[in-house]
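One structure is given here, and the rest of the page talks about it.
The values are calculated or read from the model by the stated rules, or taken from the named source; none is laboratory data. Keep in mind the model is a prediction, meaning the values are calculated, not measured. Here the Cβ positions follow ideal geometry from the backbone for every residue, glycine too, while neighbour counts run over all protein chains shown.
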């Protein structure tokens, strides 16, 4: 980074020419003038981003000129030079907006140091502005985006439960936005000005999780070189998010239950009881009631956590949500990466809306960001730009125990898979397969006649599908 244009303002021709020549040797675009008026005229004609100004000029005071130049509204740095410097004049120059102050006579090395300091400061300002922009983008990405009635219902529940102190259990598949919803609850709560502490229970080694929760005293275990506060202490007065709570061992679950019930605990290796006031929000991507039945999760802890349950539907069950999120993410990532927002073809929208999205909103978001980054200007995004991979499934069309299947076998397995995905709706299945409903019905009849059942999916919606077959077949 360097200054685009520099103006040296000094009525001493020797100093003026020396500085201009020195800067030109560094490939700077520089102009030397003798008076404040000349400099002001140049600044109006072609603004410089650095002014190097003598304090005493024939037609003005250097500080008055600096104020006049800044009043033009162009961002400009100013270095004041003077042979009659005092501490008072230096302080006054800085107060009025000078970036640096050089006392004559100075060496070219000192001059270079002053220039480089300004460049470093400007670089830091640019980086700071960029980081603020990134932070704004991240804050924007923390907004809960939805359009479906399913998520509207969740949002209404969040608004009702947020102002209370109730414990909330958020369940849903990975990528559905559980942590985002937890943060929304915190932001709308009466504790929003107090700490919000998160613990990813799956990311912390089991032998360290108790210390992570409750802290430890010096010497409590090997490596405990000092006292450490745990997450419950840090969250005192605020909210604690237990992310993936089902990853906690049964032994630690008992200790966690006590904290939730009594709001007190002891640090590892300590004997002093610590009292806290913490609201708990827990998330899990597993069926917690099933984990209780399997003996992997304490029933009493489950009841303590499940005061207000929120079950987040997967993306494939949110009607009309995919298209809405796609358009929102395209705009967001185009802004983030400073690229024009690409359009997306209607066919791609339809295909992406039909995709099951096993990774849910997180998968959609990641694929969309990649598509925006790789997009060619002026070309619509197509389905292939998202480079989707088939979700892992035991119903894989090519999954055989002994060699490759025949074409007929592959066709049968594909139809079975699509029928399962559409829950037996033949019109929808035919649309996804690219065939008409009569052809699909004949295939299903053939499989049934030959003893190849389709897991009962085809028979579930016969009446509903038959009502629309005539219009599609004609």
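Among the conditions (1) surrounded by 13 or more Cβ atoms within 10 Å (Cβ to Cβ); (2) in contact with a helix residue (DSSP H, G or I) (Cβ under 9 Å, 6 or more places away or on another chain); (3) not in a helix (DSSP H, G or I), residue 11 misses just one, which is (2). Screening region 233-263 for residues that are part of a loop (DSSP other than H, G, I, E, B) and in contact with a helix residue (DSSP H, G or I) (Cβ under 7 Å, 6 or more places away or on another chain) and picking the one that is surrounded by the fewest Cβ atoms within 10 Å (Cβ to Cβ) gives 249.
Total residues in region 301-315 satisfying the condition of being closer than 30 Å to residue 420 by Cβ and crowded, with 17+ Cβ neighbours inside 10 Å: the figure is 5. Taking region 23-38 as the range and being more than 19 Å from residue 122 (Cβ to Cβ), in contact with a strand residue (DSSP E or B) (Cβ under 9 Å, 6 or more places away or on another chain) and assigned to a helix (DSSP H, G or I) as the test, the residues that pass are 24, 36, 37, 38. Just checking, does region 148-159 include any residue being in a helix (DSSP H, G or I), modelled with pLDDT under 85 and within 30 Å of residue 286 (Cα to Cα)? Checking region 148-159: not a single residue is in a helix (DSSP H, G or I), modelled with pLDDT under 85 and within 30 Å of residue 286 (Cα to Cα). Being out of contact with any helix residue (DSSP H, G or I) (no Cβ under 7 Å at 6 or more places or on another chain), at pLDDT below 90 and not in a helix (DSSP H, G or I) holds for only one residue in 384, 424, 403, and it is 403.
So that you can scan it fast, the table gives a plain yes or no per residue for (1) part of a loop (DSSP other than H, G, I, E, B); (2) within 21 Å of residue 15 (Cα to Cα); (3) without any contact (Cβ under 8 Å) to a residue 24 or more places away in the chain:
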{"site": "40", "(1), (2), (3)": "no, yes, no"}
{"site": "44", "(1), (2), (3)": "no, no, no"}
{"site": "68", "(1), (2), (3)": "no, no, no"}
{"site": "75", "(1), (2), (3)": "yes, no, no"}
{"site": "78", "(1), (2), (3)": "no, yes, no"}
{"site": "90", "(1), (2), (3)": "no, yes, yes"}
{"site": "101", "(1), (2), (3)": "no, yes, yes"}
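Pick from region 168-202 the residues that are over 19 Å from the mean Cα position of the chain (by Cα) and within 30 Å of residue 224 (Cβ to Cβ): which of them is surrounded by the most Cβ atoms within 10 Å (Cβ to Cβ)? The qualifying residue surrounded by the most Cβ atoms within 10 Å (Cβ to Cβ) is 201.
Please specify each residue of region 264-280 satisfying the condition of being closer than 25 Å to residue 162 by Cβ and surrounded by 15 or more Cβ atoms within 10 Å (Cβ to Cβ). Within region 264-280, 276, 278, 279, 280 meet the criteria.
For region 288-332, which positions are part of a loop (DSSP other than H, G, I, E, B), in contact (Cβ under 8 Å) with a residue 12 or more places away in the chain and more than 17 Å from residue 349 (Cβ to Cβ)? Let's see the steps before the verdict.
We begin by selecting, within region 288-332, every residue part of a loop (DSSP other than H, G, I, E, B); these are 294-298, 306-307, 312-314, 318-320.
Filter again for in contact (Cβ under 8 Å) with a residue 12 or more places away in the chain, leaving 296-298, 306-307, 312-314, 318-320.
Within region 288-332, 296, 297, 298, 306, 307, 312, 313, 314 meet the criteria.
With respect to (1) more than 19 Å from residue 440 (Cα to Cα); (2) at pLDDT 55 or above; (3) assigned to a loop (DSSP other than H, G, I, E, B), the lone exception for residue 391 is condition (2). Would you check which residues across region 356-370 are surrounded by 19 or more Cβ atoms within 10 Å (Cβ to Cβ) and free of Cβ contacts under 8 Å to residues at least 40 places away in the same chain and list them? Across region 356-370, the qualifying residue is only 367. Which residues, counting only those in region 214-232, are surrounded by 14 or more Cβ atoms within 10 Å (Cβ to Cβ) and in a loop (DSSP other than H, G, I, E, B)? If the condition is that a residue be surrounded by 14 or more Cβ atoms within 10 Å (Cβ to Cβ) and in a loop (DSSP other than H, G, I, E, B), then 217, 220, 224, 227, 230 are the ones that fit.
Checking the conditions here, which among 453, 408, 457, 430 is surrounded by 13 or more Cβ atoms within 10 Å (Cβ to Cβ) and at pLDDT 50 or above?
It is 430.
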